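*Asks:* Take a look at this one; I'll ask things after.
The values are calculated or read from the model by the stated rules, or taken from the named source; none is laboratory data. Remember, it's a predicted structure, so these values are computed and weren't measured experimentally. We place every Cβ from the backbone using ideal geometry, glycine too, and count neighbours over all the protein chains shown.
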Amino acid sequence: MKNIVLIGLLCCSFSTFAQKTWSLSDCILYAIENNISIKQSKLDLETSEIDKRGAVGNFLPNLNSNLSHSWQNGLTSGANNVNLVRRQQNSNIGISTEVVLYDGLRNIRQLHRANLGILANQYQLDDMKDNITLNIINAYLQVAFNKETLKTVKRQFEINEAEFDRSKELAAAGTIPQGDLLELESNLATQSQQIINAENQVRIAQINLANILSIVDYKSFKITDSIAITSTTILEKTPFQIYLKALETRNDIKNAEVAVGINEDNLRLSKGVYHPTLSGGYNFRSNYYNDNIDRPTELPQFWDQLNDNKSHNFYLSLRIPIFNRLQNSNGVRRSKVNLEKSKLALEQAKIDLKSKVNQSYNDVLSAFAVFEASEKTLAARKESFRYSQEKFDLGLMNSFDYSLARLRYENAENDVIKSKYDYFFKAKVLEFYFGIPLY
């Protein structure tokens, strides 16, 4: 009965999943939750937290205990160094603890480095989420663009089909020649092929988005029919202003800065090995001895021996490094090199970021100019087509010129859709550099 209920719940869950219409935020949240690379990055973050736990543990004293029991049968040395053949047993117990009092501040440096390691992995995780989000937005917009293009092509086909029906009446009345009607019919066939191609592009874009989300059942995967293409004010900022803001918000820059801090701690740690290490400890031990294994030992006698034989040992230990076959000096030199490399990596990351911001800013400017120009072109083509349609209906324009005017108008509509989505995505990327949330 339980299995039947479980199967029913799984079927209901699958049905709900299949019938779901995905919004952009749904896709992004799903990818962040289920992406394998993000899961691996989260495990890296957990590992860095474990490293911190180990660094904290270095401040604590250790505690160990030991217990041993041995039996001996044969020749042994007894009193007055006389060798005797005997059977005996011996028990030893002990407990010890030790704590590092001073080690050149290495424990403090290790804890600081562990905290930086957590920051580095968090920035890496956040950067990965941002990059995946950009990929999702790009793929999602491609689906939305192809769907809108398909709607436009279908609408154009319906208009032209109605125009063809009206043209048949004009041809029957002798207003336009029969050859013009055949030209219109040929254009309808071509547009039917365009609809098939547009439908195929929608499917390809949906498959691509489903693959990014690791969704196998792409046939039932559907996104919302429309997406809000909003305006942006990001172009009111200068590229330098966006760059300065990006330096504060970009996770890859933060990660590079943390890498410098980690290598600074590594350098301090490598220098710390030149310092002496002072440790303090305590040992307790006791033992029990029985030289007649055939005679059972009474419990009070056992405890009396342990009490009589106990000893306490307190100690301080100082280890002073003198020469370690150049390992210490090589470690310091290697840490200095790694520190310089991380500083150069940070500078290069800043240079790359500035270049990306400038390029992105120019891309948005260009995309916006193209979008505005395409809208003006569409308005002009629409008016031109209206004028051509009037002339064609009166028989004052041949079918070739009329079809050319119609094609220019339809291409202008498609150009507006394309430039609109291109401008929207590029603006999103520039907003992302400025620290504006992607969704």
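*Asks:* Taking the condition of being under 19 Å from R333 (Cβ atoms) and not in a helix (DSSP H, G or I), how many residues in segment 255-283 meet it?
*Replies:* Residues in segment 255-283 being under 19 Å from R333 (Cβ atoms) and not in a helix (DSSP H, G or I): 3 in total.
*Asks:* Right, another one. Pick from L150, L101, L119, L141: which is under 23 Å from I50 (Cα atoms) and of a type in the set (A, V, I, L, M, F, W, C)? Working first, answer last.
*Replies:* Working: L150 fails: under 23 Å from I50 (Cα atoms); L101 fails: under 23 Å from I50 (Cα atoms); L141 fails: under 23 Å from I50 (Cα atoms).
Of the residues listed, the single one that is under 23 Å from I50 (Cα atoms) and of a type in the set (A, V, I, L, M, F, W, C) is L119.
*Asks:* Restricting attention to segment 408-439, report how many residues are more than 39 Å from the chain's Cα centre (by Cα) and in contact (Cβ under 8 Å) with a residue 60 or more places away in the chain.
*Replies:* Residues that pass the stated criteria total 1.
*Asks:* Limited to segment 358-406, what total is found for residues that are closer than 19 Å to E185 by Cα, in contact with a helix residue (DSSP H, G or I) (Cβ under 8 Å, 6 or more places away or on another chain) and either at pLDDT 90 or above or among the aliphatic types (A, V, I, L, M) (or both)?
*Replies:* The qualifying residues number 2.
*Asks:* Of the conditions (1) in a helix (DSSP H, G or I); (2) within 38 Å of the chain's Cα centre (by Cα); (3) touching a residue at least 60 places away in the same chain (Cβ under 8 Å), L170 clears all except one; give me its number.
*Replies:* For L170, the failing item is (2).
*Asks:* Would you be able to tell me the number of residues in segment 195-231 that are among the small types (G, A, S), exposed (fewer than 12 other Cβ atoms within 10 Å of the Cβ) and in contact (Cβ under 8 Å) with a residue 60 or more places away in the chain? Steps first, please.
*Replies:* The first filter runs over segment 195-231 and keeps only residues among the small types (G, A, S), leaving 198, 205, 210, 214, 220, 226, 228, 231.
Pick out the ones that are also exposed (fewer than 12 other Cβ atoms within 10 Å of the Cβ) and you get 214, 226, 228, 231.
Among the residues that remain, those that are also in contact (Cβ under 8 Å) with a residue 60 or more places away in the chain are: 214, 226.
Qualifying residue count for the region: 2.
*Asks:* Same structure again: Going through I234, I253 one at a time, which residue ends up being in contact with an Asp or Glu (Cβ under 6 Å, 6 or more places away or on another chain) and in contact (Cβ under 8 Å) with a residue 40 or more places away in the chain? Before you say what the answer is, go through the steps one by one.
*Replies:* On the way: I253 fails: in contact with an Asp or Glu (Cβ under 6 Å, 6 or more places away or on another chain).
Within the list I234, I253, the selection yields I234.
*Asks:* While we're looking at this one, here's another question. Looking at segment 98-132, which of its residues are under 23 Å from I320 (Cβ atoms) and either touching a residue at least 40 places away in the same chain (Cβ under 8 Å) or in contact with a strand residue (DSSP E or B) (Cβ under 7 Å, 6 or more places away or on another chain) (or both)?
*Replies:* Of the residues in segment 98-132, the ones under 23 Å from I320 (Cβ atoms) are 98-110.
Selection gives E98, V99, V100, L101, Y102, D103, G104, L105, R106, N107, R109, Q110.
*Asks:* Identify, from the list I212, I207, the residue that is touching a helix residue (DSSP H, G or I) at 6+ places or on another chain (Cβ under 6 Å) and closer than 30 Å to N362 by Cα.
*Replies:* On the way: I207 fails: closer than 30 Å to N362 by Cα.
Answer to the selection: I212.
*Asks:* Quick check on my filter: what residues within segment 392-421 are farther than 26 Å from L182 by Cβ and not aliphatic (A, V, I, L, M)?
*Replies:* Of segment 392-421, the ones farther than 26 Å from L182 by Cβ are 415-421.
Answer for segment 392-421, where residues must be farther than 26 Å from L182 by Cβ and not aliphatic (A, V, I, L, M): D415, K418, S419, K420, Y421.
*Asks:* Another question, if that's okay. Considering each of I50, I93, I38 in turn, give the residue that is at pLDDT 90 or above, assigned to a strand (DSSP E or B) and of a type outside the set (K, R).
*Replies:* On the way: I50 fails: assigned to a strand (DSSP E or B); I38 fails: assigned to a strand (DSSP E or B).
Of the residues listed, the single one that is at pLDDT 90 or above, assigned to a strand (DSSP E or B) and of a type outside the set (K, R) is I93.
*Asks:* With the structure loaded, tell me whether I118 is of a type in the set (V, I, T), under 43 Å from the mean Cα position of the chain (by Cα), surrounded by fewer than 16 Cβ atoms within 10 Å (Cβ to Cβ) and at pLDDT 90 or above or whether it fails that test.
*Replies:* Working: of a type in the set (V, I, T): yes; under 43 Å from the mean Cα position of the chain (by Cα): yes; surrounded by fewer than 16 Cβ atoms within 10 Å (Cβ to Cβ): no; at pLDDT 90 or above: yes.
Here the answer is no, as I118 does not meet what is asked.
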